[in-house]
Amino acid sequence: MSTRNPERFHVSSAVVLTSPAAAGRLVEALAEMPDVEVHAAERGKIVIVIEGRSSGEMGATLAAISGLPDVMAANMVFEHAENLEEGLINGHKPDAA
């Protein structure tokens, strides 16, 4: 049994809340951040995806977003992680079909 920890890829969705008047500025600021993609924005609610190598890395990105001007709240909604090794999904080899 191997004791090495495989490299992991993490992806998370989050909702960022702001005032409708500040939403445009905040969307632009979020789009400039590394490993952050803006997927939707409406009436001060902004849906983003954060990618990283660990939960801690994504948490640090979310904390940085929380500290941006005009951010009222930034909440992680979903997180998923996969091994980067070829053929592994969630640490397991998928069944061949």
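The values are calculated or read from the model by the stated rules, or taken from the named source; none is laboratory data. Remember, predicted model here, so these are calculated numbers, not experimental data. Note that we place each Cβ from the backbone using ideal geometry, even for glycine, and neighbour counts take in every protein chain shown.
When the residues of the range 4-43 are narrowed to those that are of a type in the set (Lys, Arg) and within 21 Å of Glu57 (Cα to Cα), which ends up surrounded by the fewest Cβ atoms within 10 Å (Cβ to Cβ)? Write out each step before concluding.
Let us first name the residues in the range 4-43 that are of a type in the set (Lys, Arg), namely 4, 8, 25, 43.
From the residues that got through so far, the ones that are within 21 Å of Glu57 (Cα to Cα) too are 4, 8.
On the way: Arg4: 5, Arg8: 16.
Checked the range 4-43; the qualifying residue surrounded by the fewest Cβ atoms within 10 Å (Cβ to Cβ) is Arg4.
Just need a number here: residues in the range 50-80 that are without any contact (Cβ under 8 Å) to a residue 60 or more places away in the chain and surrounded by 15 or more Cβ atoms within 10 Å (Cβ to Cβ).
Going through the range 50-80 one residue at a time, the tally reaches 11.
In the range 73-89, what residues are in a strand (DSSP E or B) and modelled with pLDDT under 70?
In the first step, residues of the range 73-89 are kept if they are in a strand (DSSP E or B); the result is 73-83, 89.
Ile89 - this is the single residue of the range 73-89 that is in a strand (DSSP E or B) and modelled with pLDDT under 70.
I need the full set of residues from the range 11-40 which are part of a helix (DSSP H, G or I) and either in contact (Cβ under 8 Å) with a residue 24 or more places away in the chain or among the hydroxyl-bearing types (Ser, Thr, Tyr) (or both), in order please. Talk me through it step by step, then tell me what you get.
Looking only at the range 11-40, we keep the residues that are part of a helix (DSSP H, G or I), and these are 20-32.
The answer is Pro20, Ala22, Arg25, Leu26, Ala29, Leu30.
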